[in-house]
1. Are there any pairs with C-beta distances below 8 angstrom linking a residue in the range 40-69 that is assigned by TED's automatic domain parsing to the domain that holds residue 108 and on the phi > 0 side of the Ramachandran plot to a residue that is outside any loop (DSSP other than H, G, I, E, B) and of a type outside the set (Gly, Ala, Ser), with the two at least 6 apart or on different chains, and if so which?
2. Assess whether residue 278 counts as being without any contact (Cβ under 8 Å) to a residue 60 or more places away in the chain, surrounded by 11 or more Cβ atoms within 10 Å (Cβ to Cβ) and in the same structural domain as residue 243 (by TED's automatic domain parsing).
3. List the strands (runs of 3 or more DSSP E) inside the range 1-73, counting only whole elements, that have at least 3 residues being at pLDDT 90 or above.
4. Can you tell me which residue in the range 299-309 is surrounded by the most Cβ atoms within 10 Å (Cβ to Cβ), limited to those that are part of a strand (DSSP E or B) and touching a residue at least 60 places away in the same chain (Cβ under 8 Å)?
5. Considering the range 88-117 alone, what residues qualify as being in contact with a Lys or Arg (Cβ under 9 Å, 6 or more places away or on another chain) and small (Gly, Ala, Ser)?
6. For residue 183, work out the one condition from (1) out of contact with any strand residue (DSSP E or B) (no Cβ under 8 Å at 6 or more places or on another chain); (2) farther than 18 Å from residue 108 by Cα; (3) modelled with pLDDT of 90 or more; (4) not small (Gly, Ala, Ser) it doesn't fulfil.
7. Out of the residues in the range 27-49 that are under 28 Å from the mean Cα position of the chain (by Cα) and aliphatic (A, V, I, L, M), state the one that is nearest to residue 115 (Cα to Cα).
Amino acid sequence: MKIKRVLLSAVLGLFGMGLVTTAHADSNFSVQAVVPASQIDKSNTSYFDLKLNPGQSETLTFNLKNTANKAIAVDVAKGTATTTDGGAVDYAGNGPFDKSLPDQVGKYIDAPKTVSLAANETKPVTVKFTMPQIPVSGILAGGVEFTQEGQKTQEKAGNGMSVNSVTHYTIAVLARNTTDNNDVADTLNPGTITASQVNKVNAVKINMSNPKQALLNRLEVVANVKDPDGRTAFKGTTKMMQMAPNSTFNYTLRGDAVSYQAGKYNAKVTAFWGQNDAGQYADATGTRFNYRKDWSESFTISANQAKKFNDNDALIQSKHSLPMVLWIIIIVVILLILIIVGLLWFILAKRRKDEREENMAKLQ
């Protein structure tokens, strides 16, 4: 299912990466955060960034505005920040969570399940957030998500397929005990590298985790995977990714009709993050970063696994199958042949009939 998220909450702005917002034709409401007393930067009205003592509570207010000339209902959800496999932060995530996560922020957010808005009404919605009793050394990240009920969820995508599209407005909730000596995202832990398949396409998943209570920003990953013959089978470079505190994700390399074969695959990965003009590490384009991590790993695919992957790969199967136009041409040619054969049979049958009638006439 394709999800279009409106990240009014994008914490990217806090780190000079810009606020990300989008709009959607089916969206009939907007959401605005109201700055609370515990907000660290009172000029920031895009998301909540709170400084609270252990066990301290804060009431968070969201102004919901219905822009339609009809009543609407809005579902409200809460969650803990995770990192999607696309390398983006989902502030209202619901797992799976990394083992390094000290606590789930979503458990400390008390929000209503549904809000009703009359036509063109603006209504304040309050949510209670309570800081965990145990002190934290860095940032806890979560969020509150708003979804209008009754949205059109199915769109035609061609080839007989449909795509589900729902708009969510998410406002981030960041919380910390202090603004001094916070954790720094200076560590990236490599996980396993495995053969996989995404949307019926052969792929390689490269797992990595951020074990710190800090956002890991401007992540760039460069990866290359060679097949048992030493040829590059999968490769990719992705920039401007971000990881939530204490989170994990699978960086994915998708193939383009790449067939797996039995044997050992060798993967090499380089990750850069913490972009800084004065950083000591530079990528291939000269962009500099504070941190870099290199690692490599091998994985083996059996003959049965390779066959299963390849048989289920839609791109491989379409590559080996005849194009639709060619099938149409073949069908038309067959029909023409049948018509010609039918005409010849009709002509020959008529000629034999005429000959028989002529012979009968002569006998008389």
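1. Correct list of pairs: 55/130.
2. On the way: without any contact (Cβ under 8 Å) to a residue 60 or more places away in the chain: yes; surrounded by 11 or more Cβ atoms within 10 Å (Cβ to Cβ): no; in the same structural domain as residue 243 (by TED's automatic domain parsing): yes.
No.
3. Details: elements: 2-6, 29-34, 48-51, 57-66.
The strands (runs of 3 or more DSSP E) meeting that bar are 29-34, 48-51, 57-66.
4. Step one: filter the range 299-309 for residues part of a strand (DSSP E or B), giving 299-301.
After this cut, where a residue has to be touching a residue at least 60 places away in the same chain (Cβ under 8 Å) as well, the list is 299, 301.
Numbers: 299: 14, 301: 20.
Among those residues, the one meeting the criterion is 301.
5. 88, 92, 100, 106, 111, 116
6. So residue 183 meets the others, but not (3).
7. The first filter runs over the range 27-49 and keeps only residues under 28 Å from the mean Cα position of the chain (by Cα), leaving 27-33, 44-49.
Still in the running and aliphatic (A, V, I, L, M): 31, 33.
Details: 31: 12, 33: 16 Å.
Result: 31.
The values are calculated or read from the model by the stated rules, or taken from the named source; none is laboratory data. It should be emphasised that the depicted structure is a prediction, and the values quoted were computed from it without experimental measurement. As a convention, Cβ positions derive from the backbone with ideal geometry for all residues, glycine included, and neighbour counts pool all protein chains shown.
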